[in-house]
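K.L.:
This is the structure I have questions about; it appears just below.
The values are calculated or read from the model by the stated rules, or taken from the named source; none is laboratory data. Quantities reported herein were computed from a predicted structural model and do not represent experimental measurements. Note that each Cβ is placed from the backbone with ideal geometry, even for glycine, and that neighbours are counted across all protein chains shown. Just so you know, the surface numbers come from the protein's heavy atoms only, side chains and all, with ligands and any DNA or RNA stripped out. Shrake-Rupley method; radii C 1.70, N 1.55, O 1.52, S 1.80 Å.
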Amino acid sequence: QAKLVESGGGQVQPGGSLRLSCAASGFLCKVYTMAWYRQAPGKQRELVASQNPVNFIDYSPSVSGRFTISRDNANNMVYLQMNKLKPEDSAVYYCNAKFATTAYWGQGTQVNVSS
C-alpha cells in the first residue's frame with residue numbers, strides 16, 4: 001500500500017530554516033514526479049516545488065531562491081530545505097507523488113513562522 005509520511009515541520013522565527021522530509025513506501029518514488037504543496041488557512045492548496053524523474057525542478061515564484069527540493073531515490077525519500085522563512089510561508093506542507101493518473105498524498109506537516 002502506497003504511503004507518504006512527512007516530518008520536520010514546527011515553529012521557527014522569520015529568517016530561520018527548516019528541512020522537511022517525506023518518506024515514501026509501497027512504491028518507487030524514482031519513477032514519480034515528487035512535489036511539495038502547502039495550504040494556509042482559508043487558502044487553496046498551492047504547489048511549492050516539484051522534481052520529476054529526470055530531475056527537472058520547478059519552484060513557485062514565492063519560494064524560488066529560498067527553498068530547495070531534493071530526492072534520495074535509494075532511500076525513497078524527498079526533502080524540502082526551506083531557508084529565509086517568512087510569516088507567509090506558514091502553512092500545512094504536503095508531500096505528493098504523481099505518475100500518469102496515479103497520485104498519492106501525505107497527511108501534512110505544520111510549519112509556523114512567527115516571532
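K.L.:
As an exercise: evaluate K30 against (1) outside any helix (DSSP H, G or I); (2) in contact (Cβ under 8 Å) with a residue 40 or more places away in the chain and give the number of the one condition it does not meet.
P.N.:
Going through (1) outside any helix (DSSP H, G or I); (2) in contact (Cβ under 8 Å) with a residue 40 or more places away in the chain one by one, K30 breaks only (1).
K.L.:
Looking at the stretch 66-87, which of its residues are touching a strand residue (DSSP E or B) at 6+ places or on another chain (Cβ under 8 Å), more than 21 Å from V5 (Cβ to Cβ) and open to solvent by 50 Å² or more (accessible area, probe 1.4 Å)?
P.N.:
N83, K86, P87
K.L.:
Scan the stretch 7-24 residue by residue and report those that are open to solvent by 40 Å² or more (accessible area, probe 1.4 Å) and not small (G, A, S).
P.N.:
Passing the criteria: Q11, Q13, P14, R19.
K.L.:
If you don't mind, another one. Looking only at the stretch 7-27, which residues are touching a residue at least 40 places away in the same chain (Cβ under 8 Å) and within 26 Å of F99 (Cβ to Cβ)? Give the derivation first.
P.N.:
Going residue by residue through the stretch 7-27, those that are touching a residue at least 40 places away in the same chain (Cβ under 8 Å) are 7-25, 27.
Selection gives S7, G8, G9, R19, L20, S21, C22, A23, A24, S25, F27.
K.L.:
Can you name every residue in the stretch 28-54 that is within 20 Å of A100 (Cα to Cα), open to solvent by 80 Å² or more (accessible area, probe 1.4 Å) and touching a strand residue (DSSP E or B) at 6+ places or on another chain (Cβ under 8 Å)?
P.N.:
Result: K30, single match.
K.L.:
Could you tell me which residue of the stretch 66-87 is farthest from T33 (Cα to Cα), considering only residues that are assigned to a loop (DSSP other than H, G, I, E, B) and free of Cβ contacts under 8 Å to residues at least 60 places away in the same chain?
P.N.:
R66
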